[in-house]
Amino acid sequence: MLGLTFKWGALVGWAAVTGSLALPALALYAGSVLWTIGYDTIYAHQDKEDDALLGLKSTALRFGGATPRWLAGFYAGAMIMWGAAGLLAGAGVVFLLALGLVALQLAWQIRTLDMDDAGNCLARFRSNRLIGWLLLAGLAADMGLRALLSAHP
């Protein structure tokens, strides 16, 4: 539910600017929801003992030791959706390079995750701030380069 709610801005922002919804916005939204499920699962591993005692059905408890495989799936889906969104919206090489950096950061999270160390989980969860900044920087740089190239043929 967190991902569905928090990432609603992708759809609302697109509709506010264009007056309708289109495939790039839907792909951006879908990728963002998948990303949220991934990073929220990492966060949930900090509280899994309490969740079990309270009877909560967190993704950390559901995925258990298979969490890295689930994260790889969610994050791969996010990357595919974000790549599709960018390409459908006309983004170019600079955006794709930024997306590559995002992929490396997400892979680092999965590779170095220690699900039994709350501090490790919190650090990986917090590192997701970098994802948004990388995507924004990639889009802005891509748009800036495109504007520069079109102004100087």
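Collect the residues in the stretch 49-65 that are part of a helix (DSSP H, G or I) and open to solvent by 50 Å² or more (accessible area, probe 1.4 Å), keeping them in residue-number order. Answer for the stretch 49-65, where residues must be part of a helix (DSSP H, G or I) and open to solvent by 50 Å² or more (accessible area, probe 1.4 Å): 49, 50, 52, 53, 54, 61, 62, 65. Looking across the stretch 82-98 at every residue that is within 17 Å of the chain's Cα centre (by Cα) and surrounded by 20 or more Cβ atoms within 10 Å (Cβ to Cβ), the one that is nearest to residue 26 (Cα to Cα) is identified as 85. Screening residue 91 with (1) assigned to a helix (DSSP H, G or I); (2) within 21 Å of residue 131 (Cα to Cα); (3) hydrophobic (A, V, I, L, M, F, W, C) gives one miss only, at (1).
What do you reckon, is residue 33 in a helix (DSSP H, G or I), out of contact with any Lys or Arg (no Cβ under 8 Å at 6 or more places or on another chain) and in contact (Cβ under 8 Å) with a residue 24 or more places away in the chain? Here the answer is no, as residue 33 does not meet what is asked.
Screening residue 68 on (1) surrounded by 20 or more Cβ atoms within 10 Å (Cβ to Cβ); (2) at pLDDT 95 or above shows it passes everything except condition (1). For a quick check of your reading of the model, give me the residue pairs whose first member lies in the stretch 123-139 and is within 12 Å of residue 96 (Cα to Cα), whose second is open to solvent by 30 Å² or more (accessible area, probe 1.4 Å), with beta-carbon atoms closer than 7 Å and at least 6 apart or on different chains. From the stretch 123-139, the pairs are 134/101; 138/94; 138/97.
What number of residues within the stretch 100-119 are more than 19 Å from residue 78 (Cα to Cα) and either open to solvent by 80 Å² or more (accessible area, probe 1.4 Å) or outside any loop (DSSP other than H, G, I, E, B) (or both)? Matching residues across the stretch 100-119 total 4.
Taken over the stretch 96-122, the residue count meeting the criterion of being touching a residue at least 40 places away in the same chain (Cβ under 8 Å) and among the polar types (S, T, N, Q) is 1.
Across the stretch 120-140, the number of residues qualifying as over 18 Å from residue 71 (Cα atoms) and open to solvent by 50 Å² or more (accessible area, probe 1.4 Å) comes to 5.
The values are calculated or read from the model by the stated rules, or taken from the named source; none is laboratory data. Note that the structure is predicted; figures quoted are calculated from it, not measured. A quick note on method: Cβ atoms are made from the backbone with ideal geometry, for glycine too, and the neighbour counts reach across all protein chains shown. With ligands, DNA and RNA removed, areas are computed over all heavy atoms of the protein, side chains included. Shrake-Rupley method; radii C 1.70, N 1.55, O 1.52, S 1.80 Å.
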